[in-house]
Amino acid sequence: MRTEVAIIGGGPAGLILGQLLTRAGIDNVVIEKHTREHVLGRIRAGILEWETVELLKRAGVGERMARHGIPHDGIRIAHGDQIFRIDFAELVHKRVMVWGQTEITRDLYEARDREGMPTVHEAADVTLHGIDGNAPFVTWRKDGREHRLDCDWIAGCDGFHGVSRRTIPESIRREFQRAYPFGWLGILSPTPPAAEELIYAASDRGFALCSMRRPDLSRHYIQVPLADSVDDWPDELFWEELKRRLPAEVARDLVTGPSIEKSIAPLRSFVSEPMRHGRLCLAGDAAHIVPPTGAKGLNLAASDVHYLAEALIAAHHGRTDEIDRYSERALARVWKAERFSWWMTMLLHSFPDETPFDRRIREADLDYLAASRAARTALAENYVGLPF
Ligand code: APR
Ligand code: PHB
């Protein structure tokens, strides 16, 4: 089999890239390790920067998002019983969109089916070959047979645990990372959201976030020790702890109910450089991870894929200068989002090893944010997303 671009990984990064290439008349094949049901079963953050919204429209999956997505003009930040608003519309004249990643992924698969582009699911032992030369190819096993796909370029969109990044020789790869000493316990519940906008809460008992998917579906998180498991957190305990971390007036009105999903995710900052080696370009979680505090994971995958699609389209027309610039261009934006996500994480969480000095600095940062329009503008500018 032969194609122009082999895309490893059928998550949001691989699927958006596939759509942009297909629309530019470039042949591509998506090779995914899991079943479609498995991919669609994952629940991930659902806050879209406006540039991501525009990109999804260009990728042909804007219709349901326009009908059911909920535009938000701000977020709330709570600090103990104090609560203040970051007004995106007023401060930076932009907004974000609440629209679940699961929905986006579903629309992307359907668009891919409609356009008749091939997707291989349940591909085992995916291996990249010849990325240093001019004739790269990908092999995998499926249904007891070996398969081979020859291509011009390989897009490594296979997430943090994928194989693509590790195909770049260790002598060339540089990895930067920071692990945080806590995780986020998240629940999805068929209850109305705590407020019209997201509430990020910094309390003495740790961080909490009230988010949402729809007017009748809420997503809430609390910071928990890394050693905890979901079994330690029956629903009643979760709600009780969440309420204790929210301002009294918000806790009082919070509607609780049974959870329909519950999971714990560790928090990590990670970047692998460079994002291109020979015929391989990385995009999305394959190249970098952010802690979820700034909701940047999907948005960063979107900006990578925007740059990468431009580069591959130029290469299709015989110009490889954009491919040569891809890593540098993508990383410049990646590091700014890494900084912002790290800063939001440091600002809002309780650290087990926090010294009294660290704590006062954190409180001063929160007070400064509450009081200073300049500080709120900086947060708003980053939250709604820096330009692609
Ligand atoms: N071969 C093929 N596919 C693989 C392999 C492999 N060896 N390893 C992993 N995959 C698949 C995964 O099953 C997954 O479907 O690659 C896909 C990667 O998808 P994500 O992990 O969602 O990563 P990405 O597409 O970069 O998403 C970026 O969206 O889902 C979120 O947390 C993610 O916020 C991040 C953003
Ligand atoms: C979510 O809705 O899942 C969500 C929202 C904002 C975040 C992280 C997760 O910062």
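Read-outs throughout are calculated quantities, based only on the coordinates presented, and are distinct from any laboratory measurement. Here the structure is a predicted model, which is why all the values come from computation and not from measurement. Methodologically, a virtual Cβ is constructed for each residue, glycine included, from the backbone with ideal geometry; neighbour enumeration extends over all protein chains shown.
Just a few scattered comments:
- Here 123, 135 are screened, and the one residue that is under 27 Å from residue 166 (Cβ atoms) and surrounded by fewer than 20 Cβ atoms within 10 Å (Cβ to Cβ) is 135.
- Residue match in the range 284-298 (condition: among the β-branched types (Val, Ile, Thr), out of contact with any Cys (no Cβ under 9 Å at 6 or more places or on another chain), closer than 25 Å to residue 242 by Cα and surrounded by fewer than 18 Cβ atoms within 10 Å (Cβ to Cβ)): no
- Residue list for the range 130-175, restricted to those being touching a His at 6+ places or on another chain (Cβ under 9 Å) and within 30 Å of residue 202 (Cβ to Cβ): 160
- Some residue of the range 84-102 being in contact with a strand residue (DSSP E or B) (Cβ under 7 Å, 6 or more places away or on another chain), within 16 Å of ligand 2 (Cβ to nearest atom) and of a type in the set (D, E, K, R): yes
- Top-ranked residue of the range 151-166 - restricted to ones that are part of a helix (DSSP H, G or I) and surrounded by 22 or more Cβ atoms within 10 Å (Cβ to Cβ), ranked as nearest to ligand 2 (Cβ to nearest atom): 165
- Test: residue in the range 301-318 that is buried (at least 21 other Cβ atoms within 10 Å of the Cβ) and within 13 Å of ligand 2 (Cβ to nearest atom): no
- Filtering 262, 243 for residues that are without any contact (Cβ under 8 Å) to a residue 24 or more places away in the chain, away from ligand 1 (no atom under 16 Å from the Cβ), in contact with a helix residue (DSSP H, G or I) (Cβ under 7 Å, 6 or more places away or on another chain) and basic (Lys, Arg) leaves a single hit, 243.
- Qualifying positions in the range 189-201 - surrounded by fewer than 19 Cβ atoms within 10 Å (Cβ to Cβ) and either in contact with an Asp or Glu (Cβ under 7 Å, 6 or more places away or on another chain) or closer than 22 Å to residue 354 by Cβ (or both): 190, 192
- Within the span defined as the range 217-235, one or more residues are of a type in the set (Ser, Thr, Tyr), surrounded by 13 or more Cβ atoms within 10 Å (Cβ to Cβ) and touching a Pro at 6+ places or on another chain (Cβ under 7 Å).
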